[in-house]
Amino acid sequence: MDKLGSIGVFVRVAERLGFSAVARELGVSPSAVGKAVARLEERLAVRLFHRSTRTLALTAEGEKFLERCRRILSEVEAAELEMSQASETPHGKLRISLPRHSGLFEPVIADFMRRYPTVELDLDFSDRLVDVIGDGFDAAVRTGTLADSGLKRRRLGKFRRVLVGSPAYFEAHGRPQQPVDLQAHVCLHYRFPSTGRLEQWPLPPTTDDDAPDLPHTLICNSVEMRIHLALHGQGIACLPDFIVAEHLRAGRLQTVLDDCTGNSSAMWVLWPASRDLSPKLRAFIDCLSAKAFG
């Protein structure tokens with residue numbers, strides 16, 4: 001067995017802490033796996049495992065060696081993948097999780113389908129916190145501050161949440177000049193389906209460092225419903241600027257309290273750190289990056 005092969009066997013044994021499981025994977029006997037590890041230890045002149053009749057555990061030297069070996073194998077795998085995919089045309093199935101309101105992504109998806117007709121898109125529009133790996137997604141697009149999930153990520157762009165209402169609503173009820181004025185207005189709130197919590201409006205805290213106390217005239221988990229109600233003069237809603245951009249340009253909606261909503265959030269695309277970008281996923285991410293906030 002060559003040096004790279006013995007390193008691969010060592011990593012498998014270290015990760016499974018057993019010879020039998022590795023032997024079944026490789027289609028050899030447990031003794032052959034044990035001998036391969038022993039020869040590696042002999043060549044390195046160091047003990048990599050503590051052995052007993054019932055347990056197998058890495059030594060301190062084994063832990064250090066494992067870290068180096070993982071990096072070596074990862075580089076080899078990446079190099080092989082890069083070479084095999086260098087001239088490969090994006091194709092196959094691509095499963096992506098996207099935020100439920102699809103308006104921002106409609107032109108991106110249409111352009112991607114025209115450019116890559118051999119890629120089969122399976123799109124799931126949902127605001128729930130998906131498990132990218134566990135739920136079988138190739139990637140997910142999400143907003144806000146991200147926890148360290150072990151996923152690779154690329155920032156697609158930034159957006160603001162704005163307070164909007166129709167000209168007819170403001171003509172009938174007046175325009176709030178400061179956050180406290182919202183207490184006399186019809187406020188249309190959003191409840192996150194995944195947590196049941198209300199979305200906090202991006203307003204400065206009160207003197208008690210609390211969020212302003214706003215009327216809960218309507219609470220729902222629908223972006224579309226709040227847009228519809230705001231357009232028809234039924235209240236003020238807090239919405240991402242990219243969702244209402246067309247309505248704002250056309251004058252159907254107007255923003256208020258812009259000086260008090262100096263917020264911004266990032267939108268990210270995430271994918272499993274254990275996987276290198278396939279041609280189809282790289283093409284999709286590049287398309288998102290170029291057009292979603294372009």
For segment 88-111, indicate whether the set of residues that are under 30 Å from Met225 (Cβ atoms) and open to solvent by 100 Å² or more (accessible area, probe 1.4 Å) is non-empty. yes
If you go through segment 225-235 one residue at a time, how many are open to solvent by 80 Å² or more (accessible area, probe 1.4 Å) and in a helix (DSSP H, G or I)? 2
Per the filter on segment 161-173, residues open to solvent by 70 Å² or more (accessible area, probe 1.4 Å) and of a type outside the set (A, V, I, L, M) are Glu171, His173
I'd like to verify a number: residues in segment 131-150 that are more than 21 Å from Ser289 (Cα to Cα) and at pLDDT 75 or above, how many? 5
Within segment 261-294, can you find the residues that are at pLDDT 90 or above and small (Gly, Ala, Ser)? Ala283
Complete set of residues in segment 17-37 that are surrounded by 13 or more Cβ atoms within 10 Å (Cβ to Cβ), assigned to a helix (DSSP H, G or I) and not basic (Lys, Arg): Phe19, Ala21, Val22, Ala23, Leu26, Pro30, Ala32, Val33, Gly34, Ala36, Val37
Please determine, by comparing only the residues of segment 236-276 that are in contact with a helix residue (DSSP H, G or I) (Cβ under 7 Å, 6 or more places away or on another chain) and closer than 17 Å to Ser97 by Cβ, which one is least open to solvent (accessible area, probe 1.4 Å). Val269
Restricting to segment 48-64, name every residue that is open to solvent by 90 Å² or more (accessible area, probe 1.4 Å) and under 17 Å from Ile7 (Cα atoms). Glu61, Glu63, Lys64
Taking into account only those residues within segment 178-194 that are modelled with pLDDT of 95 or more and part of a loop (DSSP other than H, G, I, E, B), which is least open to solvent (accessible area, probe 1.4 Å)? His185
With respect to the numbered conditions (1) out of contact with any Phe, Trp or Tyr (no Cβ under 7 Å at 6 or more places or on another chain); (2) within 15 Å of Arg161 (Cα to Cα); (3) in a strand (DSSP E or B), which one is the sole condition not fulfilled by Ile219? (2)
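The values are calculated or read from the model by the stated rules, or taken from the named source; none is laboratory data. Nothing here was measured: the structure is a model prediction, and the numbers come from that model. Please note: Cβ atoms are built from the backbone with ideal geometry, for glycine as well, and neighbour counts cover all protein chains shown. Surface areas here come from the heavy atoms of the whole protein model, side chains and all, with no ligands, DNA or RNA. Shrake-Rupley method; radii C 1.70, N 1.55, O 1.52, S 1.80 Å.
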